[in-house]
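> Next up is a structure, given as structure tokens.
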Amino acid sequence: MPTKPVPRNAVSPPEEPPLNPPPGPGQLFVAFAKAGLMGFGGAQIWVRRAMVEERRWLTERDYAEVLGLGQVLPGPNVGNAAVMIGRRFAGLPGSFAATGGLYLFPLIVLMGLVLLWQGFADEPLVSSFMHGLACAAAGMVIGNAFRMSGRLRPPPEQIAVGLAAALAAAWFRVPLPVIVLVLGPVSIGLVVWRMRRAT
Amino acid sequence: MNPLAGDIFFFFLKLSLLAVGGANAAVPEMHREVVELRGWMTDASFSQGYALASAAPGPNVLFVAVIGYHVAGWQGLVASLLGFLGPTFILAWGVATLTQRLAGDWRLAALRAGLVPVAIGLILATGLVTGAAAARGSGIEVAVAVLITLASALFTWRSNHTPLWALGAGGVLGLLLLR
């Protein structure tokens with residue numbers, strides 16, 4: 001079967017700088033450890049920032065596709081992405097390094113908090129700070145969605161699919177598997193339609 | 001070995017493959033089993049553990065470690081993480097292997113490209129839902145909370161500086177205005 005031409009948006013935008021050489025397990029561990037440790041509001045944003053913007057190991061599109069697969073599979077999205085990114089660059093050691101880096105240090109911080117929590121749970125300064133932090137973290141997640149889509153330059157039908165997914169999940173509280181099972185095939189169909197039209 | 005650690009392991013093993021959409025999607029089911037059916041945790045300690053895991057840096061899935069630790073100490077912690085992350089690790093590994101073998105196939109390319117807008121839409125939804133949850137308190141506090149969220153969104157979207165600035169500023173503004 002002849003391969004179809006890739007859709008026009010499968011190529012990374014020209015303004016993205018070239019990629020750096022693929023990392024080994026050690027570099028993966030360090031990058032994921034940093035992303036996990038800074039990962040307020042979900043580590044996904046920080047993993048993307050490390051992979052796409054800081055270290056230039058993946059293009060914006062590569063990363064978005066890995067994350068899309070990670071979202072369909074059961075389990076933590078960013079954890080699935082860590083396994084797949086590690087696999088791609090450094091095989092099984094890469095997957096273990098990325099996964100270990102992602103979870104190890106946040107786990108230490110979290111267990112420290114759990115053990116200490118009784119001491120400062122009722123401290124009003126702490127809860128005010130955490131409240132402001134939670135607001136900023138939510139804004140960070142929203143801003144990240146705009147940042148990703150701006151750089152991917154999706155055609156209009158894909159923007160519509162993204163907004164429909166957001167609306168279904170945030171407003172109508174449709175269960176996630178339903179969203180993926182309904183909008184996923186629609187979206188894939190639209191990609192195929194655009195591929196056909198380009199030929 | 002603590003016998004409860006074994007129960008914890010099998011409980012999370014069973015749950016892990018159902019958790020499509022990440023650990024957050026499985027939290028209602030965790031609550032049903034851990035609090036209501038098995039009585040391993042009280043409602044209050046479950047909620048407090050969840051709040052801590054959400055506020056702490058790192059993947060929210062680490063909440064399962066809090067449950068495991070609460071129920072069966074350090075053995076429970078290890079058992080919960082192995083049970084919940086093991087199967088998904090193997091599955092993600094298998095899918096990654098498959099996608100690398102099929103690289104260049106146009107159907108795989110369409111599948112991957114098609115999932116991207118759904119993934120980004122769901123990220124947007126996560127931000128909106130957590131932002132709405134954080135917009136609480138008196139009328140002025142809600143306004144302050146929404147402004148912090150909007151400013152942080154704009155900064156993350158438009159600036160190339162690290163979003164840690166937005167987080168720090170949000171925390172300080174909370175300290176000054178949200179009390």
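> Test B:Ile120 against the criterion of being in a helix (DSSP H, G or I) and more than 7 Å from chain A (Cβ to nearest Cβ), and give yes or no.
On the way: in a helix (DSSP H, G or I): yes; more than 7 Å from chain A (Cβ to nearest Cβ): no.
Criteria not met by B:Ile120.
> Still on this structure, please answer the following. Can you pull out the residues in segment A:133-167 that are small (Gly, Ala, Ser) and more than 8 Å from every other protein chain (Cβ to nearest Cβ)?
Within segment A:133-167, the first condition is being small (Gly, Ala, Ser), and the residues that meet it are A:134, A:136-139, A:143, A:145, A:149-150, A:160, A:162, A:164-166.
Once the filter is applied, which keeps residues that are small (Gly, Ala, Ser) and more than 8 Å from every other protein chain (Cβ to nearest Cβ), segment A:133-167 yields only A:Ala160.
> If you don't mind, there's one more thing I want to ask. Collect the residues in segment B:92-107 that are within 26 Å of A:Ile45 (Cβ to Cβ) and either within 19 Å of the chain's Cα centre (by Cα) or acidic (Asp, Glu) (or both), keeping them in residue-number order. Quick ask: steps written out before the conclusion?
Kept after step one, since they are within 26 Å of A:Ile45 (Cβ to Cβ), are these residues of segment B:92-107: B:92-93, B:95-96, B:99-100.
Correct list: B:Ala92 only.
> Here's another thing I want to ask about it. Could you run through segment A:77-132 and say how many residues are of a type outside the set (S, T, N, Q) and closer than 20 Å to A:Ala35 by Cβ? Break it down stepwise before answering.
Keep residues of segment A:77-132 that are of a type outside the set (S, T, N, Q), which gives A:78-79, A:81-94, A:96-98, A:100-117, A:119-126, A:129-132.
Now narrow it down to the ones that are closer than 20 Å to A:Ala35 by Cβ: A:78-79, A:81-90, A:93-94, A:96-98, A:100-113.
So the count comes out to 31.
> Among the residues of segment B:135-175 satisfying the criterion of being at pLDDT below 90, of a type in the set (A, V, I, L, M, F, W, C) and within 15 Å of A:Gly42 (Cα to Cα), which is surrounded by the fewest Cβ atoms within 10 Å (Cβ to Cβ)?
It comes out as B:Leu164.
> Further question on the same structure: Can you name every residue in segment A:17-64 that is outside any helix (DSSP H, G or I), among the aromatic types (Phe, Trp, Tyr) and more than 8 Å from chain B (Cβ to nearest Cβ)? Please lay out each step first, then the result.
Going residue by residue through segment A:17-64, those that are outside any helix (DSSP H, G or I) are A:17-24, A:38-43, A:55-59.
Those left that are additionally among the aromatic types (Phe, Trp, Tyr): A:40, A:57.
The one that is outside any helix (DSSP H, G or I), among the aromatic types (Phe, Trp, Tyr) and more than 8 Å from chain B (Cβ to nearest Cβ): A:Trp57.
> Related question: Go through segment B:123-132 and report how many residues are within 15 Å of the chain's Cα centre (by Cα) and either surrounded by fewer than 19 Cβ atoms within 10 Å (Cβ to Cβ) or more than 7 Å from chain A (Cβ to nearest Cβ) (or both).
Step one: of segment B:123-132, the residues within 15 Å of the chain's Cα centre (by Cα) are B:123-131.
Still in the running and either surrounded by fewer than 19 Cβ atoms within 10 Å (Cβ to Cβ) or more than 7 Å from chain A (Cβ to nearest Cβ) (or both): B:129.
Counting residues in segment B:123-132 that are within 15 Å of the chain's Cα centre (by Cα) and either surrounded by fewer than 19 Cβ atoms within 10 Å (Cβ to Cβ) or more than 7 Å from chain A (Cβ to nearest Cβ) (or both) gives 1.
> From the list B:Gly104, B:Gly73, B:Gly83, exactly one residue is among the small types (Gly, Ala, Ser) and either modelled with pLDDT under 85 or surrounded by 20 or more Cβ atoms within 10 Å (Cβ to Cβ) (or both). Which is it? Before the answer, list the steps.
Values: B:Gly104 fails: either modelled with pLDDT under 85 or surrounded by 20 or more Cβ atoms within 10 Å (Cβ to Cβ) (or both); B:Gly73 fails: either modelled with pLDDT under 85 or surrounded by 20 or more Cβ atoms within 10 Å (Cβ to Cβ) (or both).
Being among the small types (Gly, Ala, Ser) and either modelled with pLDDT under 85 or surrounded by 20 or more Cβ atoms within 10 Å (Cβ to Cβ) (or both) holds for just one of B:Gly104, B:Gly73, B:Gly83, which is B:Gly83.
> Another one. Looking at B:Ala5, B:Ala65, B:Ala23, which is the one that is out of contact with any Gly (no Cβ under 6 Å at 6 or more places or on another chain) and either free of Cβ contacts under 8 Å to residues at least 24 places away in the same chain or more than 29 Å from A:Met38 (Cβ to Cβ) (or both)? Spell out the reasoning first.
Working: B:Ala5 fails: out of contact with any Gly (no Cβ under 6 Å at 6 or more places or on another chain); B:Ala23 fails: either free of Cβ contacts under 8 Å to residues at least 24 places away in the same chain or more than 29 Å from A:Met38 (Cβ to Cβ) (or both).
That would be B:Ala65, the only listed residue that is out of contact with any Gly (no Cβ under 6 Å at 6 or more places or on another chain) and either free of Cβ contacts under 8 Å to residues at least 24 places away in the same chain or more than 29 Å from A:Met38 (Cβ to Cβ) (or both).
> Hey, can you tell me all the residues within segment A:65-95 that are over 13 Å from the mean Cα position of the chain (by Cα) and part of a helix (DSSP H, G or I)?
Within segment A:65-95, A:Gly86, A:Arg87, A:Arg88, A:Phe89, A:Ala90, A:Gly91, A:Leu92, A:Pro93, A:Gly94, A:Ser95 qualify.
> Let me ask something additional. Given the criterion touching a Ser or Thr at 6+ places or on another chain (Cβ under 6 Å), assigned by TED's automatic domain parsing to the domain that holds A:Val52, within 27 Å of B:Leu111 (Cβ to Cβ) and touching a residue at least 40 places away in the same chain (Cβ under 8 Å), identify the matching residue among A:Ala98, A:Ala82.
Numbers: A:Ala98 fails: touching a Ser or Thr at 6+ places or on another chain (Cβ under 6 Å).
After ruling out the rest, the residue left standing is A:Ala82.
Here's the yes/no breakdown for (1) within 29 Å of B:Thr162 (Cβ to Cβ); (2) without any contact (Cβ under 8 Å) to a residue 60 or more places away in the chain:
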{"position": "A:Ser149", "(1), (2)": "yes, yes"}
{"position": "A:Pro154", "(1), (2)": "yes, no"}
{"position": "A:Val161", "(1), (2)": "no, yes"}
{"position": "A:Ile179", "(1), (2)": "no, yes"}
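> Now for a separate question. Listed residues A:Leu102, A:Leu92, A:Leu115, A:Leu110; which is within 24 Å of B:Ser54 (Cα to Cα) and surrounded by fewer than 21 Cβ atoms within 10 Å (Cβ to Cβ)? Talk me through it step by step, then tell me what you get.
Numbers: A:Leu102 fails: surrounded by fewer than 21 Cβ atoms within 10 Å (Cβ to Cβ); A:Leu92 fails: within 24 Å of B:Ser54 (Cα to Cα); A:Leu110 fails: surrounded by fewer than 21 Cβ atoms within 10 Å (Cβ to Cβ).
Going through A:Leu102, A:Leu92, A:Leu115, A:Leu110 in turn, just one is within 24 Å of B:Ser54 (Cα to Cα) and surrounded by fewer than 21 Cβ atoms within 10 Å (Cβ to Cβ): A:Leu115.
> Let me ask something else about it. Suppose the filter is at the interface with chain A (Cβ under 8 Å from one of its Cβ atoms), β-branched (Val, Ile, Thr) and surrounded by 15 or more Cβ atoms within 10 Å (Cβ to Cβ); does B:Val35 pass it? If you could, list the steps in order and put the result at the bottom.
Numbers: at the interface with chain A (Cβ under 8 Å from one of its Cβ atoms): no; β-branched (Val, Ile, Thr): yes; surrounded by 15 or more Cβ atoms within 10 Å (Cβ to Cβ): yes.
The answer is no for B:Val35.
> Turning to a different aspect of this structure: Which residues, counting only those in segment A:53-74, are over 23 Å from B:Leu17 (Cβ atoms) and in contact with a Ser or Thr (Cβ under 7 Å, 6 or more places away or on another chain)?
A:Thr59, A:Glu60, A:Arg61
> From B:Leu17, B:Leu91, B:Leu52, which residue is at pLDDT below 90, in contact with a strand residue (DSSP E or B) (Cβ under 8 Å, 6 or more places away or on another chain) and within 7 Å of chain A (Cβ to nearest Cβ)? Before you say what the answer is, go through the steps one by one.
Working: B:Leu91 fails: at pLDDT below 90; B:Leu52 fails: in contact with a strand residue (DSSP E or B) (Cβ under 8 Å, 6 or more places away or on another chain).
B:Leu17 is the lone residue from the list that is at pLDDT below 90, in contact with a strand residue (DSSP E or B) (Cβ under 8 Å, 6 or more places away or on another chain) and within 7 Å of chain A (Cβ to nearest Cβ).
The values are calculated or read from the model by the stated rules, or taken from the named source; none is laboratory data. Note that this is a predicted model, so its numbers are computed, not measured. Please note: Cβ atoms are built from the backbone with ideal geometry, for glycine as well, and neighbour counts cover all protein chains shown.
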